[in-house]
Amino acid sequence: MEHGNLIVEQDGEIVVITFDRPDVLNALSDALVADLRAALAEVGADPAIRAVVLTGSGTRAFMSGADINELNTLTNAAAAEAKAAATQAMQREIQRLPKPVIAAVNGYALGAGCELAMACDIRIAADTAFFGLPEINLGLIPGGGGTQRLTRLVGAGLAAYYCLTGDRIDAVTAKNIGLVELVVPQPELMNAAKDLAHRLAGKAPLAVAAIKKSINDGAQVDIDRGLAIEAAQFGIACATEDRIEGTKAFLEKRAPQWKGW
Ligand code: COA
C-alpha cells in the first residue's frame, strides 16, 4: 500500500503503519490524517489482515502533535472546528475498525500523538516514551478527543491536571495511571507490539470484533445499555461457526481451527 506520509508494511496477518514525517517528529498534518484514513479503509476491507500496529518513524517520536505550522495558519473558529472534526473522525475509524489496533509508542506522543494513541485499543510504550497534552502552552485545548479520552482512561481529576498543566507524562507514570498497558525497553518495543498483534490475529476474528465493539460502544453509555450491547455481541459471537469450533475443540482437547465466520 502506498500512502505519502505513511510506511505500510504487511507481515502475515498483521500490518504495521508507520507515521513518516521525521523532519517534524511525525507531526499530524491534514495530509497525514487523509493518508491514515485511506490506509485504515484498505485494512478494514482486507480480510487477510487481522491486527494493526501504529508507530512513528525513528526513535524520537511516535507523533509530536498536530503540525504547528498548520495550526499557525488557522484564522477562524469554523476552520479550526472542521480540522478537529476530521481528526476525530479518523480516530473513530480506528475505534470502529473491527480489528485490534495497537499503538507502539516509541518516543514523544504529545497532543494529537497522545490523542491518537488513546484512540487505539492497546498502548505499548518504550520506556523512553513521553505522553502529554501540551496544547494549553499554545493557548489551545486538545481538539482530537484529548479531554474526552484522557478522562475516560484516567479519570476527570488526572485529566484536568494534565490538560491544564500540559505536563509531560513519562512511560512508567503513564502505566501507573492507566494511560498505557505495557512498558518495555525501547529496543524491544516493535517486537513486543508485533508479537501481541500476531497473538490477537490468531484469535477468532468475529469474537475479536465483538469484544472491540462491546468495549468501545459500551464505554459511552450507562451500564444497562452497555450490558445490552454486550449481550447483543455475545449473541452474534455465539451464532458463528468459530464458536461451534471453539467449544468443540475444547471438549475434544485440541487446538481450534478458526474460519472467520
Ligand atoms: N509541529 C510542527 N513541527 C514540529 C512539531 C509539531 N508539533 N514538533 C516538533 N516539530 C519540529 C521542530 O520545529 C523542529 O524543526 P526544525 O528542525 O526545523 O527546527 C523539529 O521538529 C525537531 O523538534 P525539536 O523541538 O528541535 O526537538 P526536541 O527533541 O528539542 O523536542 C519536542 C521535541 C516534541 C518536545 C518538541 O519539538 C515539542 O515540544 N514539540 C511540540 C509539541 C506540541 O506542542 N504538540 C502539540 C501541538 S497541538
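Take each of the peptides 72-78, 105-111, average the number of other beta-carbon atoms within 10 Å over its residues, and list them starting from the highest.
Working: 72-78: 9.3, 105-111: 28.0.
Going by the mean number of other Cβ atoms within 10 Å, highest first, we get 105-111, 72-78.
When only Cα pairs under 8 Å and 6 or more residues apart are kept, what is the percent relative contact order across the chain? Before the final figure, lay out each step's value.
On the way: 475 pairs, mean separation 41.6, N = 261.
Dividing the mean separation by the residue count of the chain yields 16 percent.
For the chain, modelled as a GNM with alpha-carbon contacts under 10 angstrom, which of I169, I223, I14 fluctuates the most?
I223
Near K194, within a Cβ-to-Cβ distance under 14 Å, what is the net charge of the other residues, with Lys and Arg +1 and Asp and Glu -1?
Details: positive: R50, R199; negative: E9, D11, E13, E188, D195.
Result for the neighbourhood of K194: -3.
So for the chain, if I pair up every lysine 8 or more residues apart or on another chain, how many of those pairs have alpha-carbons under 23 Å apart?
Count of close lysine pairs: 19.
Quick check: net charge around N5, other residues with Cβ under 9 Å of its Cβ, Lys/Arg +1 and Asp/Glu -1? Write out the running numbers ahead of the final one.
Working: positive: R21; negative: D20, D35.
Combined, the nearby Lys, Arg, Asp and Glu give -1.
Can you sort K248, K203, K99 from fewest to most other Cβ atoms within 10 Å of each residue's own Cβ?
Numbers: K248 11, K203 17, K99 25.
Going from sparsest to densest Cβ surroundings: K248, K203, K99.
Take the alpha-carbon positions of the chain, form their convex hull, and give its projected area averaged over all directions (one quarter of the hull surface) in nm². Mind dumping the intermediate values first?
Numbers: hull surface 58.7 nm².
Average projection, Cα convex hull of the chain: 14.7 nm².
Given a cut-off of under 8 Å on Cα pairs at least six residues apart, what relative contact order in percent is computed for region 216-261? Don't jump to the answer; show the numbers that get you there.
On the way: 28 pairs, mean separation 12.1, N = 46.
Relative contact order of region 216-261: 26 percent.
Where does each of L133, L164, L189 land when they are ranked from fewest to most other beta-carbon atoms within 10 angstrom? Could the numbers behind the result be given before it?
Values: L133 31, L164 11, L189 24.
Lowest count first: L164, L189, L133.
Can you give the translational diffusion coefficient of region 57-143 in µm²/s, computed by Stokes-Einstein from the Kirkwood radius over Cα pairs at 37 °C and 0.692 mPa s? Don't jump to the answer; show the numbers that get you there.
Details: Rh = 13.6 Å.
Reported coefficient: 241 µm²/s.
Excluding A119 itself, what net charge comes from residues whose Cβ is under 13 Å from its Cβ, given Lys and Arg +1 and Asp and Glu -1? Don't jump to the answer; show the numbers that get you there.
Values: positive: R37, R92, R96, R123, R149, R152, K212; negative: E93, E115, D121.
Charge balance near A119 sits at +4.
Relative contact order of region 71-225, please, whole-number percent, based on alpha carbon pairs below 8 angstrom and at least 6 residues apart.
Working: 221 pairs, mean separation 39.4, N = 155.
Relative contact order comes out at 25 percent.
Among I94, I215, I124, which one moves the most in a GNM of the chain with springs linking Cα atoms closer than 10 Å?
Fluctuation is largest for I215.
Hey, what do the phi angles of region 130-135 turn into as Karplus ³J(HN,Hα) couplings, whole Hz, using 6.51/-1.76/1.60 and θ = phi - 60°, x for Gly and Pro?
Karplus values, whole Hz, x for Gly and Pro: 10, 10, x, 10, x, 3.
Read-outs throughout are calculated quantities, based only on the coordinates presented, and are distinct from any laboratory measurement. These numbers come from a predicted model, not from an experiment. Methodologically, a virtual Cβ is constructed for each residue, glycine included, from the backbone with ideal geometry; neighbour enumeration extends over all protein chains shown.
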